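S.K.: Below is one structure. I have some questions about it.
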Amino acid sequence: MRNNSKQYWLVKSEGDCYTIDDLKKDKKTSWTGIRNYQSRNFMRDSMSLGDTVFFYHSGGGDKNPTGIYGLAKVGSKAHPDETQFQKNNEYFDTKATKEKPIWFCVDIKYVKTFKQPITLAHIKFDPKLDGIPVAQKGSRLSVQPISVTHGEYLLKKLL
């Protein structure tokens, strides 16, 4: 379980799937479709209302390079991901029931779009971001914790 200190998170979305601009338009969205147990556990057990979220686009190509594009915050406590119950949804899970859901999500609320993203290339070469999970080889989690040191540094750099 979490302590009461400030928490920072990075959530990833494909740049051609759901973008920071989509979140800005929607104002708030449930972070559904996560089918990795570790990411689910972060949302279910560790994220809290008001936690800071860095919104990361992955796989954007040359036009929209991979990187952090904006800021959001956790806008709800964890709740069952409704997509697990929807038979026509790509995230439907035959083992999940309303009584015993398997997958959980949080809502995230839009805060800000950055004028310039912090690209993955920049993140990898910034010595003050050494050890940040998103820059580690093989790091594919769509929900990742960010240390307070890295989170505060990113906020100062971006705001």
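S.K.: Taking θ = phi - 60°, what integer Hz values does the Karplus form 6.51 cos²θ - 1.76 cosθ + 1.60 yield along region 96-109, in sequence order, with x for Gly and Pro?
M.R.: Whole-Hz 3J(HN,Hα) from phi for region 96-109: 7, 10, 4, 6, 9, x, 9, 10, 10, 8, 10, 8, 10, 10.
S.K.: Report, by chain and number, residues whose modeled amide H sits under 5 Å from the one on residue 118, excluding near sequence neighbours (fewer than 5 apart, same chain).
M.R.: 68
S.K.: Would you mind checking region 73-106 for residues with the amide N under 17 Å from a putative spin-label position 7 Å along Cα→C-beta of residue 45?
M.R.: Under 17 Å, as judged by backbone N against the label point of residue 45, lie 78-80, 101-106 of region 73-106.
S.K.: Which entries in 77/109; 77/156; 6/156; 24/109 show an alpha-carbon gap greater than 19 Å?
M.R.: Details: 77/109 12 Å; 77/156 27 Å; 6/156 15 Å; 24/109 8 Å.
With Cα atoms farther than 19 Å apart: 77/156.
S.K.: Give the value in nm², to one decimal: projected area of the alpha carbon convex hull of the chain, averaged over all directions. Please list the in-between numbers first.
M.R.: Numbers: hull surface 39.1 nm².
In nm², the orientation-averaged hull projection of the chain is 9.8.
S.K.: I've got another one for you. Return a whole-number percent for the relative contact order of the chain, with Cα pairs under 8 Å and 6 or more residues apart as the contact set. Don't jump to the answer; show the numbers that get you there.
M.R.: Numbers: 301 pairs, mean separation 48.4, N = 159.
Computed value for the chain: 30 percent relative contact order.
None of the figures in this text is laboratory data; all of them are computed from the coordinates on show. Fair warning: this is a prediction, and the values are worked out from it, not measured in the lab. All Cβ positions, glycine included, derive from the backbone under ideal geometry; neighbour counts span all protein chains shown.
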